[in-house]
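What follows is calculated from the coordinates using simple rules that are stated; it is not laboratory data. From a predicted model like this one, the values you see are computed outputs, not experimental measurements. Virtual Cβ from ideal backbone geometry, glycine too; neighbours counted across all protein chains shown.
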């Protein structure tokens with residue numbers, strides 16, 4: 001698809017954005033979310049490292065993450081973090097993921 | 001590139017229009033399909049249920065779709081997936097995506113061994129017509145047709161934007 005104009009604020013971001021997708025077991029739904037987050041970031045023309053993890057290890061995994069992607073049910077399990085916690089309702093809705101990532105990363 | 005599911009699902013991994021009395025029964029149905037197709041033992045069903053009891057219905061990741069799974073363990077003999085459709089859509093308690101009409105069961109022998117399959121599922125289900133199409137499927141042949149190319153054939157935008165190539169590269 002044609003390259004969308006990059007929002008100017010993204011250009012000022014100094015480092016590679018680190019994003020973590022979280023689920024209960026770290027093998028199923030977080031991987032779906034990770035794959036679609038990569039697609040959404042491609043739409044936004046943002047370079048980012050996106051990994052998948054589970055809530056039990058999120059504290060270590062998310063220590064230097066800017067954004068945590070997860071579902072509403074898991075937010076309370078994440079604990080204290082400096083990352084923006086972004087709730088995704090539909091893991092397959094690239095428009096939703098793109099819009100929410102644009103706000104969180106921008 | 002486009003991910004494709006590694007092999008067609010066997011008939012034993014597919015159960016259609018299952019009568020389930022509650023969400024636990026629905027998850028057990030997909031656990032039975034995983035067991036019947038040789039992926040897991042019966043205890044895996046209970047572990048999938050336990051994950052929801054612990055963390056809530058977060059496995060309902062899109063309208064009408066639950067993706068039941070649990071961690072790798074000794075009761076997982078092979079990575080794989082199973083598909084169950086419900087005769088009556090079933091509430092799982094999710095705020096946005098209830099009721100569930102399609103339950104996918106995932107099993108993995110190691111934490112990352114089935115990632116390619118999961119990525120393929122992401123491709124398939126990014127087509128929003130996939131859940132209703134699966135829910136209406138009348139036989140296993142139709143399910144296999146839908147999973148093996150229904151979405152990528154329709155979802156031209158996703159395939160054309162080039163971002164599909166990225167997911168694998170950032171793992172290493």
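What the Cα atoms of the stretch B:11-165 give is an Rg and a Dmax of 14.7, 43 Å.
When the alpha carbon coordinates of the stretch B:23-69 are projected onto the principal axes, the ranges are 28, 21, 15 Å, largest first. Centre-to-centre, using Cα atoms only, the stretch B:1-70 and the stretch A:51-106 are separated by 24 Å. Derived value for the stretch A:16-105: Kirkwood hydrodynamic radius 12.5 Å. Basis is the mean of 1/r over every pair of different alpha-carbon atoms. Counted by neighbouring Cβ atoms within 10 Å, the residues B:75, B:22 run from fewest to most as B:22, B:75.
Report the antiparallel proportion of the DSSP beta bridges in the stretch B:11-165 as a percent, rounded to a multiple of 5. Spell out each step's value before the answer.
Details: 10 of 18 bridges.
Roughly 55 percent of the DSSP beta bridges within the stretch B:11-165 come out antiparallel.
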